[in-house]
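**Q** Below are the C-alpha cells for one structure; questions will follow.
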Amino acid sequence: MARTTHVDVIRPGRALVTGPAETRPDRTTFAGGIIRDGRDYVVEDEYGMVIGRARSYHTGAERLARHYDTDPGHIEITYERDANGQWSGGTEYSSPRRSR
C-alpha cells in the first residue's frame, strides 16, 4: 500500500497535515500544522511546537514527516472549499489587489 501524506488547506495560509508513521514502532500516524508567516511557512508538530520553516505546503509536509522520522511518500494537497467556493474554515478570502 502506498504511503500518502495529506495536507488540508483549511483557509489561506493555514493547513493541517496528517500521515502514516509506519517506520515508528511507538505510533501509527503523525500530525501537525503549516502556517503562513510572510513569504515562508512555519511548520508545527501536533503539540504546536515550531519545528522549522518551509517555502511551500509540500516542503512543509516533507519537513514534518522527517521530524517524525518517517517517509512522507506521496503528498496530496487539498483546498477545503464548499460548492460556492467559500473556504470551509468560514473565512472569506479575497486576493489583495496590486497597484498599477
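Since every read-out is calculated from the coordinates, none of them should be taken as a lab result. All values derive from a computational prediction rather than experimental measurement. Quick reminder, even Gly has a Cβ in these numbers, built from the backbone with ideal geometry, and neighbours come from all protein chains shown.
**Q** Considering only the other residues whose Cβ falls under 11 Å of the Cβ of Asp40, what net charge follows from Lys and Arg at +1 and Asp and Glu at -1?
**A** Cβ neighbours under 11 Å give a net charge of +3.
**Q** Residues in the range 1-38 near a label at Asp71, defined as backbone nitrogen under 20 Å from the 7 Å Cα→Cβ point?
**A** 1-7, 18-31
**Q** Give the Cα extents of the range 1-49 along the principal axes, in whole Å, largest first.
**A** So the extents along the principal axes, rounded to whole Å, are 36, 23, 15.
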